[in-house]
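Data block below; observations after.
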Amino acid sequence: MTAITYPITLPGPADIAVQDADRRAMAGMDGAAPGSARALELDRRATAQLRFRFTAVQWSAWHVWWRLALGDGGAWFSAPNWAAPWGMGVVAQFTGPVEVAHAGRGLRDVSVQAELRGASEAPARAEPRVPLSLVAVDSADLADYGAELVAMTGLVTDVDDVWHRVNAAGTDLEVLGTALAGGSPINPTRGSLPCGAVQFRGAADTTGSLGRLGIVINGDNNTAAAARMAAGLADRISLVTGSSGAGYAAVLPWAQPIELVHVGQLSMGGTYTVVDEGDVSAAASEFLRLTFDESDNIVALLVEEGPPTNYAGTPGTGSARMLRVRGISGGDA
Amino acid sequence: MALPSITMPTTVPDWRAEPHDFTVLLPLAQVPVVVGAPRRRRVATSGQRFLVVDMLATADQAQALHAWVEADLEAGTLPFAARVLADDGTRHWWHARLAEMPQWQAVAGRGAPMWQVSTRLRLEGEPSATAPGA
């Protein structure tokens, strides 16, 4: 069963017409001879004409989900909350072009044809794919789609350079920040200099030596942030660990303006020490301290973490990873 | 013609026949012969007809009907005794097959959606005023 689920924050179809597929071999049904039929397929199948009605923001979010999660609409997905003739829940795949029509008042009617399958089995109610509250798309996708990021379970996207996130009720999107300064996320300061990507290193250049990274946002100070990391408690915990796998990019919104960010490997044994230049090494229990200017009014972090490498940057060892943290401005506070 | 023993779920309403949407079929065919032109021969003992029908079903009724088509009718391959509500309100039982698989159109309403179910039945023989076995 597919692990991709329809976003719970988006409305389902406003209109659905289901045509059961004819899985029979028929003879004599033109009327002349006595008719007969036999079944050809066991799996249930149907086609459906779907019509959604979205606000502009919902349409943008749906379209990003369609492009990124479904791979331009190609993947199967579960929609446990859609009504179907056989009860609640369908497993579906879009099979036709997406037709968008303006319905007035800023609404859009989105029509698309789909194939439905597996009615005999309840669709899997997939757990969120990531432990972060937001998602995460591959770095390659980020490069492809620029600032448009999506979360499957809590969703952040931008519409005309205005960032939105799911509201507290989970019913709609709300404005996260106003237009981005210059259209780009803002680099933090490390020590006294602007900071780009930083390499985190495990205690030794051996397989899987670098553990999971944690992010503490607006910690009281270095000591408090270090204590939380040592206890394995961070505001957000990285997806990446081990010696193989992909990197990710994620948007992490925060309720208050972000001015201080600490990043380090969780649960290290020694005394956590801030290092303001060069690599961040677990051999010396080092961690990273980043600051944003109060005037930037940072309302979310854009975090990009690379796949596991060794110290020299060769993929697949798991003793090092590159990490880059930037801020998304909410405009003038 | 005896009605099939398979009957529609009792919880499902009767099919409503569209009074003007039916097709009467000829029980005759052009039968090729060894020598000479094909000749018209009777190939069925009684006339048949296609009938366009629909029903308005609640979510539960739609679920029961869908399960019945899949399980009892074996994905729509078996004949069944159809309850058809004629235009004058009388109920008839017909020997029927699904000529087309049902189409389900969600109908907005209060609470759970209702379904407009439409299909085309292939009817054989003559209608009966009584249920099979009655």
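What percent does the relative contact order of chain B come to when contacts are Cα pairs within less than 8 Å and at least six residues apart? The value is 31 percent. Remark on A:Ser281: its backbone amide H falls under 5 Å from those of A:Arg201, A:Glu286, a criterion applied only to residues 5 or more positions apart or on other chains, H modelled at 1.01 Å from N. Shape annotation for the range B:37-134: C-alpha extents along the principal axes are 61, 31, 25 Å, from largest to smallest.
Taking B:Ala37, B:Ala64, B:Ala106 as the candidate residues, the one with maximal mean-square fluctuation in a Gaussian network model of chain B, Cα springs under 10 Å, is B:Ala37.
If R0 is taken as 45 Å, the Cβ-Cβ distance between A:Asp72 and A:Gln256 corresponds to a FRET efficiency of 0.75.
Relative to the longest principal axis of chain B, what angle (0 to 90°, nearest 10) does the C-alpha long axis of helix B:59-70 take? It works out to around 30 degrees.
Note on the range B:72-93 and the range A:263-323: Cα centroid distance 70 Å, given to the nearest whole angstrom. Counted by Cβ distance under 14 Å from B:Val33, the other residues give a net charge of +3, where Lys and Arg count +1 and Asp and Glu count -1.
Here, each number is a calculation from the coordinates, and none is a lab measurement. Just so it is clear, the structure is predicted and the values come from calculations on it, not from any experiment. Heads up, the Cβs are rebuilt from the backbone with ideal geometry, glycines too, and the neighbour counts pull from every protein chain shown.
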